[in-house]
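First up is the structure itself, then whatever we jot down about it.
The values are calculated or read from the model by the stated rules, or taken from the named source; none is laboratory data. Keep in mind that this is a model prediction, so the values were computed, not measured. We place every Cβ from the backbone using ideal geometry, glycine too, and count neighbours over all the protein chains shown. Accessible surface is based on the protein model in full, side chains and every heavy atom, while ligands, DNA and RNA are left aside. Shrake-Rupley method; radii C 1.70, N 1.55, O 1.52, S 1.80 Å.
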Amino acid sequence: MLLSLTAYVVIPIYTILFVSGTNWLTSNLSVIGNWPGRQIAFFCLGLIIGLYYHCILVRLLSNLAHHRAESILLHTALILLIAAVSTPYLPSQVPFQSFLHVAFAFVSSILVLICLYLTLWKLSALSQRARVRMRRYRLGLIVITAISGVLLFIAGIVSSALEIFFIISTTILLQRLYEQFPCFFLNSVYNKR
C-alpha cells in the first residue's frame, strides 16, 4: 500500500509541485533545486525517488537466481543519486562541483535504465509464459527511452520535461510490474515450459 501510494501519488505530485512555476523545457531539477529555499526539497525528492527504486528493484531482484550485476548497478545508481542531490549545481560559483553534480545525476539515470532493462530481460527469461506477459513492460521501457530521447532532442538539454517524464513513467512502470510480479514468478516456477 505504501509503495503504491508513493508511486501513484507522492512521486508524481511532489515532482510536479517541485517544478511548478518554471518553464519545463528551459530549466531542470538541478537548477530549480539550487534556488534559495529549494535545496532541502530537492534533496528529499531525490531521496524519495532513489529509495522507491531501491525498494521495488531489490524485491524484484531477490526472486532471481543471478542478479549480482543488477544489484551493483542499482546500488551504484542510488549512491550517485544521493551524491547528485547533495552536490550543488551553481556553475558560475562552483564549476567543478557543478560538473560533478551533472555527471552523478546523468550516470545515475543511465545505470537505473540499464538495471531496468536487465531486470526485465531476466524476468522475461523465467519461462515462455513470463516472456509473453512481460512483453508490455519491455515495450513500455523502450517507449520511455525513445520519448526521453525525443525530449532531450527537442529541448537540447536535460530539461524538467524530460526528468518529470522519466521519473513518473519509470515509477509507474516499476509499480505495475511489482504488482504483477508475484503472478509472473509463481506461474513461471510452477508452469516452466
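Here are a few things to note about the model shown:
- Simple Cβ-charge dipole of the chain, Lys/Arg +1 and Asp/Glu -1, about Cα centre, in debye nearest 20: 940 debye
- In the context of the full set of protein chains, residues of the chain present 53 Å² of accessible surface per residue (probe radius 1.4 Å, heavy atoms only).
- Where labels lie 7 Å past Cα in the beta-carbon direction, separation of Val9 and Ser92 in nm: 4.1 nm
- Over the C-alpha trace of the range 4-71, radius of gyration and Dmax come out as 15.2, 47 angstrom.
- Rounded tilt (10° steps) of 68-86 against the dominant C-alpha axis of the chain: 20 degrees
- Considering only Glu70, Glu163, Glu179, the mean-square fluctuation computed in a Gaussian network model of the chain, springs between alpha carbons under 10 angstrom, is largest for Glu179.
- Pair Glu179, Ile157: separation of 7 Å Cα→Cβ label points (nm): 3.6 nm
- Pairs of Cα atoms nearer than 8 Å and 6+ residues apart set the relative contact order; for the chain it is 28 percent.
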